[in-house]
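Written out below as structure tokens is the structure these notes cover.
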Amino acid sequence: LAPATAAATSSASYPTTHEQIQQPSDTPNFIDNKFTASQATQWIDLHDPATNNLVTRVPQSTDAELKAAVESAQKAFPAWKATSVLARQQIMFKYVALIRENWDRLAASITLEQGKTFADAKGDVLRGLQVAETACGITTQLPGEVLEVAKDMETRNYREPLGVVAAICPFNFPAMIPLWSIPIATATGNTIIVKPSERDPGAMMILAELAEKAGFPPGVVNVIHGAAKTVDFILDEPLIKAVSFVGSNKAGEYIYQRASANGKRVQANLGAKNHAAVLPDCNKNHALNAITGAAFGAAGQRCMALSTLVLVGETKNWVEEIAERAKGLVVNGGFEEGTDIGPVISPQAKERIEGLIASAEAEGAQILIDGRGAKPEKYPNGNFEKVKLYPPAALTQRPANEQIGPTLIANVEPHMRCYREEIFGPVLVCLNVPTLDDAIKLINDNEYGNGVAIFTSSGATAGKFTKEIEAGQVGINVPIPVPLPMFSFTGNKKSVAGGGSNTFYGKPGLAFYTQSKTVTSLWRSEDATMAKASVNMPT
Ligand code: NAD
């Protein structure tokens with residue numbers, strides 16, 4: 001935490017290139033539709049992961065600012081709830097159009113602050129935009145049910161907004177994950193407070209600016225900043241009725257418990273260790289290309305990254321071919337043409353990932369491609385992973401002509417740290433098993449259950465795998481089976497808190513942000529003639 005410098009009052013001043021930033025401006029709060037400089041005394045430095053140049057300082061918003069955001073959201077709620085669903089829908093149409101118009105700007109902010117390639121950052125925005133586009137159908141999604149349950153008697157069911165809700169977001173999808181919450185929460189009539197990751201709030205600040213332009217009234221969308229202290233405020237504030245969290249297990253399990261203990265609804269998506277089972281009968285080229293892309297894309301910093309390969313039977317001999325593909329990936333700054341893998345988020349993340357690679361080496365796994373210590377020519381100070389190639393046949397002869405690329409670890413065993421822990425970097429660990437049943441057992445024994453994939457040409461094999469596997473999102477010849485917004489993000493086991501009862505977006509997302517109210521009415525068409533009041537349950 002560093003002392004404050006100059007303050008910015010608009011997201012328009014956000015830099016969007018890797019150029020040296022001479023006068024970084026501070027990130028403001030967004031309360032009541034206004035960008036307001038924070039009066040914070042504690043600030044978090046935010047560095048471009050490709051250069052480690054200072055981009056901005058993010059405030060640990062003060063207690064008064066946090067309270068002001070809640071008051072703004074609470075004040076806005078009654079009128080927003082009363083706003084017709086058609087009017088809310090019109091604002092959502094406008095919001096969608098503005099996000100599309102500002103797509104490149106949002107993506108550039110993501111590449112600058114998060115590090116992923118510009119093309120991948122555009123995908124980050126698109127996946128969030130699709131949730132907003134789906135929320136435009138709120139007029140057909142929100143209607144409840146009605147039934148004439150007896151003569152002259154109807155029961156109808158409404159979905160009402162909860163009030164003020166909050167979203168606590170991770171660093172890896174700075175646009176998509178805020179947009180898992182904002183469109184559905186607001187279209188259903190709630191007001192929302194977003195706490196973006198303190199490591200890359202820039203995309204959210206642009207989304208806030210666009211929310212105001214789209215016509216959201218003051219207080220419907222607010223943004224506050226900070227780390228654990230801001231989170232604790234959200235968890236303890238009685239006016240906040242629901243909390244959406246996406247991030248690590250360490251933070252998420254704590255957040256789930258404390259928010260639930262305070263009587264809030266909580267949806268919480270946590271960490272992962274996603275496996276792909278590769279069967280000998282699969283379409284080999286498709287499988288190996290898909291696996292390489294899904295393992296190393298976004299430098300492995302996706303919750304659905306395919307980080308663990310389970311090679312069944314003879315496919316254990318395919319690691320060399322995966323290594324060939326991985327070596328072809330270009331590691332460089334995210335704005336550079338042709339880059340496949342950008343830097344990881346921070347020097348600390350790089351150190352942690354490199355420590356896990358070292359642990360694999362120490363525990364006897366085979367490091368086929370070693371990505372430690374990279375320095376792309378133009379970005380000597382970035383958080384990159386470099387490749388040194390150790391051919392398995394000649395582990396001691398390290399080639400002089402070093403290449404840049406990701407890390408591939410073969411012959412991994414389930415007890416090793418690199419298998420047990422989420423690596424969240426451009427590292428693919430490979431385990432060998434003899435049969436499909438062994439693959440299923442191995443995957444089910446893992447405590448995480450976010451996503452899984454199987455590569456096979458057999459419908460029967462895929463069917464057995466789908467039925468027996470415990471992970472919540474299954475891809476059949478699809479490496480990253482993230483459901484689109486008409487479905488829901490259905491992680492399982494340790495990848496969700498609270499047993500996954502409240503999942504993000506889709507029908508469960510709508511249910512999360514609404515309270516069901518059931519009304520039973522009797523409008524007698526004839527005058528009642530009963531002589532005596534009945535005290536029995538109607539039969
Ligand atoms: P993180 O848990 O460090 O941070 C997420 C949010 O929690 C941030 O806003 C942060 O300020 C806050 N936070 C962090 N530590 C806290 C603490 N001790 N107390 C209170 N609040 C705290 O996660 P991250 O590093 O930003 O994101 C990466 C993690 O998120 C990975 O584990 C990844 O698998 C997971 N993730 C999961 C999904 C999913 O849908 N399952 C999606 C994206 C990311």
If we keep only residues of the range 486-521 that are under 17 Å from the mean Cα position of the chain (by Cα) and β-branched (Val, Ile, Thr), then the residue nearest to Glu145 (Cα to Cα) is Thr503
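For the range 441-461, check the following and say yes or no: at least one residue is more than 24 Å from the chain's Cα centre (by Cα), of a type in the set (A, V, I, L, M, F, W, C), at negative phi and surrounded by 20 or more Cβ atoms within 10 Å (Cβ to Cβ).
Yes, because at least one residue in the range 441-461 is more than 24 Å from the chain's Cα centre (by Cα), of a type in the set (A, V, I, L, M, F, W, C), at negative phi and surrounded by 20 or more Cβ atoms within 10 Å (Cβ to Cβ).
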The residue that is nearest to Lys34 (Cα to Cα), considering only those in the range 54-88 that are more than 27 Å from the chain's Cα centre (by Cα) and not in a helix (DSSP H, G or I), is Thr83
* Pro174 more than 9 Å from the ligand (Cβ to nearest atom) and either at pLDDT below 95 or buried (at least 21 other Cβ atoms within 10 Å of the Cβ) (or both) -> yes
Being surrounded by 15 or more Cβ atoms within 10 Å (Cβ to Cβ), within 16 Å of the ligand (Cβ to nearest atom) and modelled with pLDDT under 95, is that true of even one residue in the range 379-386? yes
Pairs returned, first residue in the range 452-480 that is part of a helix (DSSP H, G or I), second residue that is hydroxyl-bearing (Ser, Thr, Tyr), beta-carbon separation under 6 angstrom, 6 or more apart or interchain, are Ala462/Thr456
Taking the range 340-364 and keeping residues assigned to a loop (DSSP other than H, G, I, E, B) and buried (at least 22 other Cβ atoms within 10 Å of the Cβ) leaves Asp340, Gly342, Pro343, Val344, Ile345
Within the range 494-508, of all residues that are modelled with pLDDT of 95 or more and within 11 Å of the ligand (Cβ to nearest atom), the one surrounded by the fewest Cβ atoms within 10 Å (Cβ to Cβ) is Lys494
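Among the residues of the range 493-529, write down those that are basic (Lys, Arg) and assigned to a helix (DSSP H, G or I).
Lys507
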Residue hits (the range 320-335; crowded, with 24+ Cβ neighbours inside 10 Å and among the β-branched types (Val, Ile, Thr)) are Ile322, Val331
Only one of Thr186, Thr140, Thr155 is among the β-branched types (Val, Ile, Thr), away from the ligand (no atom under 16 Å from the Cβ), in a helix (DSSP H, G or I) and over 21 Å from the mean Cα position of the chain (by Cα), namely Thr140
Any hit, the range 261-275, residues being farther than 23 Å from Lys494 by Cα and within 15 Å of the ligand (Cβ to nearest atom): no
Exactly one of Gly449, Gly472 is closer than 13 Å to Ala272 by Cβ, in contact with a Lys or Arg (Cβ under 6 Å, 6 or more places away or on another chain) and not polar (S, T, N, Q), and that residue is Gly449
* To do: Evaluate the following for Val519: is it touching a residue at least 24 places away in the same chain (Cβ under 8 Å) and more than 16 Å from the ligand (Cβ to nearest atom)?
  => yes
Tell me whether the range 119-129 contains one or more residues that are surrounded by fewer than 20 Cβ atoms within 10 Å (Cβ to Cβ) and over 30 Å from Leu329 (Cα atoms).
no
Reported set for the range 244-266 where residues are charged (D, E, K, R), over 8 Å from Ala497 (Cβ atoms) and touching a residue at least 60 places away in the same chain (Cβ under 8 Å) is Arg265
Picking from Glu314, Glu324, the residue that is in a helix (DSSP H, G or I) and closer than 29 Å to Asp437 by Cβ would be Glu314
In the range 189-223, anything assigned to a loop (DSSP other than H, G, I, E, B), within 11 Å of the ligand (Cβ to nearest atom) and buried (at least 24 other Cβ atoms within 10 Å of the Cβ) is listed as Pro196, Ser197, Asp200, Pro201
For the range 49-92, the count of residues that are in contact with a helix residue (DSSP H, G or I) (Cβ under 6 Å, 6 or more places away or on another chain) and farther than 24 Å from Lys229 by Cβ equals 5
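Got a sec? Which of Leu306, Leu279 is within 25 Å of Ile353 (Cα to Cα), touching a residue at least 60 places away in the same chain (Cβ under 8 Å) and hydrophobic (A, V, I, L, M, F, W, C)?
On the way: Leu279 fails: within 25 Å of Ile353 (Cα to Cα).
Exactly one of Leu306, Leu279 is within 25 Å of Ile353 (Cα to Cα), touching a residue at least 60 places away in the same chain (Cβ under 8 Å) and hydrophobic (A, V, I, L, M, F, W, C), namely Leu306.
The values are calculated or read from the model by the stated rules, or taken from the named source; none is laboratory data. Note that this is a predicted model, so its numbers are computed, not measured. Positions of Cβ are generated from backbone atoms using ideal geometry, with glycine treated the same way; all protein chains shown enter the neighbour counts.
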